[in-house]
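The values are calculated or read from the model by the stated rules, or taken from the named source; none is laboratory data. Since the structure is predicted, the reported quantities are computational estimates derived from the model, not experimental observations. Reconstructed Cβ throughout: ideal geometry from the backbone, glycine too, with neighbour counts over all protein chains shown.
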Amino acid sequence: MTEATLALAQAGDGEAFRELIDPHRRELHVHCYRILGSLQDAEDVLQEALLAAWRSIGRFDGRSLRAWLYRIATNRCLNFLRGESRRPQPAGLPDHGAAQSGPGRSDDPWWLEPFPGSPDDAVPGPEARYDARESIALSFIAGLQRLPPQQRAVLLLRDVLGFPASEAAGMLGTSQAAVNSALLRTRAALPRDQNPHEIPVPRSPGEAAIVDRFVNAFQRFDVQALIALLTDDARATMPPEPTEHRGPEPIARFLLETHVGQETKFLSTRANGQPALVLYLPDPNAPIWRASGLIVLGLRGNQVQSLTRFAGVSVLARFGFPRTLPRD
């Protein structure tokens, strides 16, 4: 940020304002997504935050544009959550408290959506406790949604972005003591999901080998191979459905029984920094493949620890995949 560009923006120059904020836009989008868990909500709230920043740029004191933008974005997210303090259940979704046999009930938020790619643009400060991979993983995003909004914001500002307690307190309009107290409660409520050193290096041969084993076992309907690939505590969820499958055998049998006798086609991508697969199924009436959904894999060691399946083509549109593909 140069003083000349800032002066132009404060004088009402829209191009100068865009030049100021563009380097921060993506990381602010990720920040809103972490708080809200929904990619669409994050996009909407970010636009509101940037509009608010444009309207108040004349009052910016020139000290830290990044911190100023994070303050606006964080508070816009909190305002959104106050207005959505009890998100409505989608039509036809059973009550989470109802009795159910078979699969267990997931406590993941139904509005959880995947984030395309590996969004690790933000450079964390020296006080950050989470690395880039941990702080965008689907399990972490889902865990955040179970926390009160203020605690989410405190954890993200302090442990993910590494802002000092005094700066985080200023952003949230509270005291440093309140921030420290909230952080202690939040760390206790959201334990670390796993050791980051147990996660294969992204895009490494080891990671690719695990994904290949999963695809091969799935396409061969090999139950035993899938069971061997899954960790003992493996978990499969399908937002917005309120069900989950736990354990290697229930997950393997559910996956294969769902598609028994069907051909499948997988295309590789990444979501939330994790390996992901776009699933295509054959159209019975035309020589094409039709997009069915996205499967995000959480890996530990040389196994799969979690599978999160997102159904529907609307999710895939954000990842740049077509609805249909020609069959070879």
Could you list all residues from the stretch 312-328 that are in contact with an Asp or Glu (Cβ under 9 Å, 6 or more places away or on another chain) and surrounded by fewer than 16 Cβ atoms within 10 Å (Cβ to Cβ)?
324, 327
Looking at the stretch 213-251, which of the residues that are part of a loop (DSSP other than H, G, I, E, B) and not acidic (Asp, Glu) is nearest to residue 132 (Cα to Cα)?
239
Is there a residue in the stretch 71-78 that is out of contact with any Phe, Trp or Tyr (no Cβ under 7 Å at 6 or more places or on another chain) and at pLDDT below 95?
no
Evaluate the stretch 156-166: report whether one residue or more is more than 21 Å from the chain's Cα centre (by Cα) and part of a helix (DSSP H, G or I).
yes
Might you check whether a residue that is small (Gly, Ala, Ser), out of contact with any strand residue (DSSP E or B) (no Cβ under 9 Å at 6 or more places or on another chain) and either modelled with pLDDT of 85 or more or surrounded by 18 or more Cβ atoms within 10 Å (Cβ to Cβ) (or both) occurs anywhere in the stretch 106-126?
yes
Cross-chain or 6+ apart pairs with Cβ under 9 Å, the stretch 223-246 first and at positive phi, then in a strand (DSSP E or B) and surrounded by 21 or more Cβ atoms within 10 Å (Cβ to Cβ):
none
For the stretch 269-310, enumerate the residues that are part of a strand (DSSP E or B) and either free of Cβ contacts under 8 Å to residues at least 60 places away in the same chain or surrounded by fewer than 16 Cβ atoms within 10 Å (Cβ to Cβ) (or both).
278, 279, 280, 281, 282, 288, 289, 290, 291, 292, 293, 295
Just to verify a result, which residue in the stretch 1-55, among those that are touching a residue at least 60 places away in the same chain (Cβ under 8 Å) and of a type in the set (Asp, Glu), is farthest from residue 77 (Cα to Cα)?
27
Hits in the stretch 176-212 - residues which are surrounded by 13 or more Cβ atoms within 10 Å (Cβ to Cβ), free of Cβ contacts under 8 Å to residues at least 60 places away in the same chain and not in a helix (DSSP H, G or I):
190, 193
Qualifying positions in the stretch 14-71 - charged (D, E, K, R) and within 25 Å of the chain's Cα centre (by Cα)
22, 25, 26, 27, 34, 41, 43, 44, 48, 66, 71
From the list 219, 151, exactly one residue is buried (at least 16 other Cβ atoms within 10 Å of the Cβ), under 25 Å from residue 114 (Cβ atoms) and outside the structural domain of residue 68 (by TED's automatic domain parsing). Which is it?
151
